[in-house]
Amino acid sequence: MRDFKKLLLLTILIILFSSLIFAQEIKPIEIKILHINDFHGRLQPYIVKSISENIPVSGGAYLAYLINEERSKNPDGTILLSAGDMFQGTPISNIFKGEPVIKMMNYLKFDAMTIGNHEFDWGQEQLQAWIKSSNFPYLAANILKDKNYLPNVKPYIILERKGIKIAIIGLTTQETAYIVKPDYVKDLTFVEPEKVLPNLIKEVKDQGAQLIIVLSHLGYDADKKLAENVQGIDVIVGGHSHTVVTKPVIVRGTIIVQAGYNGIYLGVLDLKIQPETGIVLDFTKENILKTVFAGPENKQDPEVASLIETYASQLKEEFSKVVGETLVDLVRNYNEESNVGNVICDAMLEASKAQIAFQNSGGIRMDIPKGKITMEQVYSMLPFDNVLVEMDLTGKDILDLLEQSATLEKGILQVAGIKVKYDMRRPVGSRVIEVLIKDEPLDPNKVYRVVTNDFLAAGGDKFTAFTRGKNITYGDMLRDVFVEYLKKHSPISPKVEGRSIIIK
């Protein structure tokens, strides 16, 4: 009996010792996710006063150096992702229809990119041209064309890093249906993400995926809602809302990250994965964004620097031209009247025969600091190739536009020739409490001449009342109109002067 007990004890000790050795041998797998979103063609550095008054940030060559530096820390376990909106936004990208950005991404060996709404800004034909010239896949699981996925676009891919199978599923905002020129997306269906994702998660798991990443161009709030409603997502790498997420946000076990916009930050998320189960054991808890500084002491990738210079040199003469001067900073305000919105609308009014001008806040893409204004700054502020559209609208149509503006769903309308008072305490649909045209109350039955841009004229941003316009005429490009206004009136010093009064 005594020998049996000794044998049993010895067996237990051997098992425990073996288990300890086994546990020590199986170390967590380290996976590094590098990500950017809403790059908007920002290949060249620029000043962002909220970060530094004198040290530029962003720029493709500086971003590339950081990417390669981070990748070198875990070369076999790194994934590089883009959450969309890569090309539209600056002269160096727009003039060449995104070509230099594609070349930079190919050089950096991006693993995947989800399609953003701005990928449709030059139409589906241009999107297909990008796909053809890219060495990485484009993802969108919730965009359908004739009940199929977009041509040459995948719903997901499955990669393998250090023996871990990783699924990356792409999702695009449903807002694309109305924040892109309608003709460019009229044959597409943007399906609710919650309806497509559960089946896809099951599908990739059936194929052996252990880690599920959603590469999302939905926006931060939509990402949190998705994590709340859909189980099985390990990480959401987000875009669209330009949110600077400095610490991962956890919703029902899903890690949510987003890296701001314009290449100001590189997102770096390190994961520790249990190899047998794919469970995330640990992850970076803070400081997950690296600011891309572009000062004299900061390093840049020479290959990407050379690439950018090849394109920039072709634009230098034209885009370095000074076209005006401002005595004040021209500053955007998405949900309120802004001085830059006012001066743009003043330019529209002066270039037309209209009484009232409307510009969407989302069409104004950057601030301009006080001082000389170059063509490059104008182009970056107004990157979309919008033209002026004049039309007749009734007072009732204009009131409908202003009520839509008061929802703040896509920002407030910037205006000229009109004064509006909003009471945001009132229910949606009854927030406009006063409208004056040349100090006269708006007459619902009277016809007014209005000027706007062709995006709004087509009903963009859900401003469908513009589509009721009569006697429509088209004018010059908005950018050209603004440049002519600067040449005539500089130095300018626009103010916020009570064109849109908001009671909160």
(request) Rounded to the nearest 500, what is the 222 nm mean residue ellipticity of the chain from helices alone, with -39500 (n - 2.57) per DSSP H run of 4+ residues and division by all residues? (result) -9500 deg cm²/dmol
(request) Compare the Cα positions of LEU393, VAL415, GLY429 along the charge dipole of the stretch 321-502 (+1 at Cβ of Lys, Arg; -1 at Cβ of Asp, Glu; about the Cα centre) and return the one farthest towards the positive end. (result) GLY429
(message) Which one, ILE79, HIS40, LEU63, is farthest towards the positive end of the dipole of the stretch 29-312 when Lys and Arg carry +1 and Asp and Glu -1 on their Cβ?
(response) ILE79
(request) For the chain, give the share of DSSP beta bridges that are antiparallel, in percent and rounded to the nearest 5; count only bridges with both residues there. (result) 65
(request) May I ask for the angle, rounded to the nearest 10°, between helix 302-319 and the longest principal axis of the chain, with both axes built from Cα atoms and the value confined to 0 to 90°? (result) 0
(request) For the stretch 295-404, build the convex hull from the C-alpha positions and give me its volume per residue in Å³. (result) 158
(request) Heavy atoms only, probe 1.4 Å: what % of the accessible area of the chain goes to carbon and sulfur, would you let me know? (result) 51
(request) Divide the volume of the convex hull of the Cα atoms of the stretch 29-312 by its number of residues and quote the answer in cubic angstrom per residue. (result) 121
(request) Note down the net charge around VAL322, summing +1 for each Lys or Arg and -1 for each Asp or Glu among other residues with Cβ under 13 Å from its Cβ. (result) -1
(message) Given axes a ≥ b ≥ c from the Cα gyration tensor, I'd like to know whether the stretch 321-502 is rounded (a/c under 1.5), prolate (a/b larger than b/c) or oblate.
(response) prolate
(request) Hand me the chymotrypsin sites (Phe, Trp or Tyr not before Pro) from the stretch 305-359 located in a DSSP loop with no more than 15 other Cβ atoms within 10 Å, in residue order please. (result) TYR334
(request) Would you mind getting the accessible area per residue of the chain, heavy atoms of the protein chains only, 1.4 Å probe, in Å²? (result) 45
(request) For a quick protection proxy, order the peptides 72-84, 252-264 by their average other-Cβ count within 10 Å, most packed first. (result) 252-264, 72-84
(message) Only four residue types carry charge here, +1 at the Cβ of Lys and Arg and -1 at the Cβ of Asp and Glu. Report the dipole size of the chain about the Cα centre in Debye, rounded to the nearest 20.
(response) 1060
(request) At a temperature of 37 °C and a viscosity of 0.692 mPa s, determine how fast the chain diffuses translationally according to Stokes-Einstein, using the Kirkwood radius over alpha-carbon pairs as Rh; express D in µm²/s, rounded to the nearest whole number. (result) 132
(request) Could you tell me which of the pairs LYS109/LYS272; LYS147/LYS205; LYS154/LYS272; LYS247/LYS495 are separated by over 30 angstrom between their Cα atoms in the structure shown? (result) LYS247/LYS495
(message) For the stretch 19-176, take every pair of Cα atoms, bin their distances at 5 Å starting from 0, and report each bin as a whole percent.
(response) 2, 8, 15, 20, 17, 14, 10, 6, 3, 2, 2, 1, 0
(request) Any chance you could give the angle, 0 to 90 degrees and rounded to 10, that helix 193-206 forms with the longest Cα principal axis of the chain? (result) 20
(request) Could you state the angle between the C-alpha long axis of helix 99-108 and the longest principal axis of the C-alpha atoms of the chain, as a value from 0 to 90 degrees rounded to the nearest 10? (result) 10
(request) With +1 on each Lys and Arg Cβ and -1 on each Asp and Glu Cβ, and nothing else charged, work out how big the dipole of the stretch 327-390 is about its Cα centre, in Debye to the nearest 20. (result) 120
(message) Using a 1.4 angstrom probe on the protein heavy atoms only, could you order HIS35, HIS118, HIS489 from most to least accessible area?
(response) HIS489, HIS118, HIS35
(request) Calculate, in whole percent, how much of the Cα-Cα pair population of the stretch 188-261 lies beyond 16 Å. (result) 47
(message) To the nearest 20 Debye, how big is the dipole of the stretch 321-502 about its Cα centre, given +1 on the beta carbon of each Lys and Arg and -1 on that of each Asp and Glu?
(response) 140
(message) If the reach is capped at under 29 angstrom between alpha carbons, list the lysines near LYS470, excluding any in the same chain fewer than eight residues apart.
(response) LYS181, LYS186, LYS353, LYS396, LYS410, LYS419, LYS421, LYS438, LYS446, LYS462
(message) Using protein chains only and a probe of 1.4 angstrom, how many square angstrom of LYS49 are accessible, to the nearest 10?
(response) 90
(request) Please name which of ALA112, VAL481, PHE319 has its Cα lying farthest along the dipole of the chain towards the positive end, using unit charges on Cβ (Lys, Arg +1; Asp, Glu -1) and the Cα centre as origin. (result) ALA112
(request) Kindly report, to the nearest 10 Å², the accessible surface of ILE36 as traced by a 1.4 Å probe over protein heavy atoms only. (result) 0
(request) Leaving ligands, DNA and RNA out of it, rank ASP454, ASP187 by accessible area with a 1.4 Å probe, largest first. (result) ASP187, ASP454
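The values are calculated or read from the model by the stated rules, or taken from the named source; none is laboratory data. Note that this is a predicted model, so its numbers are computed, not measured. Every residue, glycine among them, receives a Cβ derived from its backbone with ideal geometry; neighbour counts consider all protein chains shown. All accessible areas refer to the heavy atoms of the entire protein, side chains included, with ligands and DNA or RNA removed. Shrake-Rupley method; radii C 1.70, N 1.55, O 1.52, S 1.80 Å.
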